[in-house]
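Right, one structure below, let's go through it.
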Amino acid sequence: MYLELDNLMHATGLDDRAGDARPVVAPANHTLPDGSLVTVLGYTPKYNPQRKLWYVDVAIDSGNTFWPFVRLAVARYQPDSFGSLHLSPQVLCDFVQMPPERTTSVSRTDVRHVRVVVSGPIGIRTIVKGGPLETYADSISANRLVVARLQQQDPDIATDLGWETVDVVQLDVRGTGRDDATGVPDLAQASWVGTLRSPRNIPLRRPGTLPKWRVTVEEWERLPGDPANLGSIGTVPPPPVWEQRLVYADEIGL
């Protein structure tokens with residue numbers, strides 16, 4: 001398969017390390033019949049017997065790029081071929097948008113408290129006036145809401161419907177990323193931190209050994225939509241109706 005990324009992805013680079021969803025051969029340059037030079041990455045296709053379709057997982061590291069658009073160009077690839085016969089005719093896929101990558105860590109500070117930290121790349125739409133950290137945090141929070149929940153499962157209900165929320169907290173922006181080489185703060189990365197409290201003691205054990213307790217995390221992105229009354233006329237435009245979409249969700253067992 002050969003992948004064609006837009007200029008944004010060329011700037012961040014395609015992840016070509018060995019491993020799952022990684023190329024099985026080294027990247028190679030080939031010339032298409034029209035004279036175009038392309039870089040080819042070969043992957044091993046797998047077969048899905050349920051859907052009766054072949055598929056390939058492709059890992060892309062977008063770095064700090066926020067919501068990048070990616071477009072793949074796919075082809076059959078035979079590295080050991082004559083002349084320019086390495087690639088079949090290419091097929092362009094639709095553009096897709098990659099959601100921001102998130103890392104969530106959960107730690108037990110004592111038998112009744114759980115500390116949650118979520119980190120990853122961010123985008124800022126509006127700069128809020130104020131002090132440096134206050135400006136940074138408020139500017140992120142203006143369009144982004146991160147919420148954590150502490151949940152316990154009802155022993156009589158074994159499905160997802162049996163989870164009861166015992167505490168919920170909105171995580172606050174507490175810090176930025178940091179450049180490993182220079183030590184300079186990286187404002188393209190943010191960390192949200194919060195603490196959940198249990199009304200009863202939860203035994204301190206190895207993570208994952210308490211199947212009846214879990215922490216869930218949701219990130220909601222808030223965007224201004226159209227005004228409620230599009231037909232109103234006046235010198236002052238009507239305020240927009242804010243919409244939100246879920247961009248990240250995870251659960252971590254205690």
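Output yes when any residue across the range 53-65 is over 30 Å from Ala188 (Cα atoms), over 16 Å from the mean Cα position of the chain (by Cα), β-branched (Val, Ile, Thr) and at pLDDT 90 or above, and no when none is. Full working, then the answer.
Quick first cut of the range 53-65, residues over 30 Å from Ala188 (Cα atoms) only: 53-56.
Checking which are over 16 Å from the mean Cα position of the chain (by Cα) leaves us with 53-56.
If we keep only those that are β-branched (Val, Ile, Thr) as well, we get 56.
Now drop any that are not at pLDDT 90 or above, which leaves none.
Among the residues of the range 53-65, not one is over 30 Å from Ala188 (Cα atoms), over 16 Å from the mean Cα position of the chain (by Cα), β-branched (Val, Ile, Thr) and at pLDDT 90 or above, which makes the answer no.
Can we say Asp94 is exposed (fewer than 15 other Cβ atoms within 10 Å of the Cβ), under 22 Å from the mean Cα position of the chain (by Cα) and either outside the structural domain of His30 (by TED's automatic domain parsing) or not in a strand (DSSP E or B) (or both)? Spell out the reasoning first.
Working: exposed (fewer than 15 other Cβ atoms within 10 Å of the Cβ): yes; under 22 Å from the mean Cα position of the chain (by Cα): yes; either outside the structural domain of His30 (by TED's automatic domain parsing) or not in a strand (DSSP E or B) (or both): yes.
Criteria met by Asp94.
Condition first: of a type outside the set (Phe, Trp, Tyr), exposed (fewer than 14 other Cβ atoms within 10 Å of the Cβ) and more than 22 Å from Asp154 (Cβ to Cβ). Can you find one or more residues in the range 198-205 that meet it? Spell out how you get there, then give the answer.
Filtering the range 198-205 down to residues of a type outside the set (Phe, Trp, Tyr) leaves 198-205.
Those still in the list that are exposed (fewer than 14 other Cβ atoms within 10 Å of the Cβ) too: 199-201, 203-205.
From what's left, more than 22 Å from Asp154 (Cβ to Cβ): 204.
Yes.
Let's see how each residue does on (1) farther than 15 Å from Leu254 by Cβ; (2) surrounded by 17 or more Cβ atoms within 10 Å (Cβ to Cβ):
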residue	(1), (2)
Thr103	yes, no
Gly120	yes, yes
Thr126	yes, no
Ile140	yes, yes
Arg149	no, yes
Ala158	yes, no
Glu164	no, no
Gln170	yes, no
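Test of understanding: among Leu161, Leu145, Leu85, Leu150, which residue is at pLDDT below 90 and over 30 Å from Trp54 (Cα atoms)?
Going through Leu161, Leu145, Leu85, Leu150 in turn, just one is at pLDDT below 90 and over 30 Å from Trp54 (Cα atoms): Leu161.
Out of all the residues in the range 35-51, which are of a type outside the set (Ser, Thr, Tyr) and either surrounded by 11 or more Cβ atoms within 10 Å (Cβ to Cβ) or within 29 Å of the chain's Cα centre (by Cα) (or both)? Explain how you work it out, then say what you get.
Filtering the range 35-51 for residues of a type outside the set (Ser, Thr, Tyr) gives 35, 37-38, 40-42, 45-46, 48-51.
Scanning the range 35-51 gives Val38, Val40, Leu41, Gly42, Pro45, Lys46, Asn48, Pro49, Gln50, Arg51.
Within the range 34-41, identify whether any single residue is in a loop (DSSP other than H, G, I, E, B) and either within 28 Å of Pro100 (Cβ to Cβ) or at pLDDT 85 or above (or both), and answer yes or no.
yes
The values are calculated or read from the model by the stated rules, or taken from the named source; none is laboratory data. Keep in mind that this is a model prediction, so the values were computed, not measured. Note that we place each Cβ from the backbone using ideal geometry, even for glycine, and neighbour counts take in every protein chain shown.
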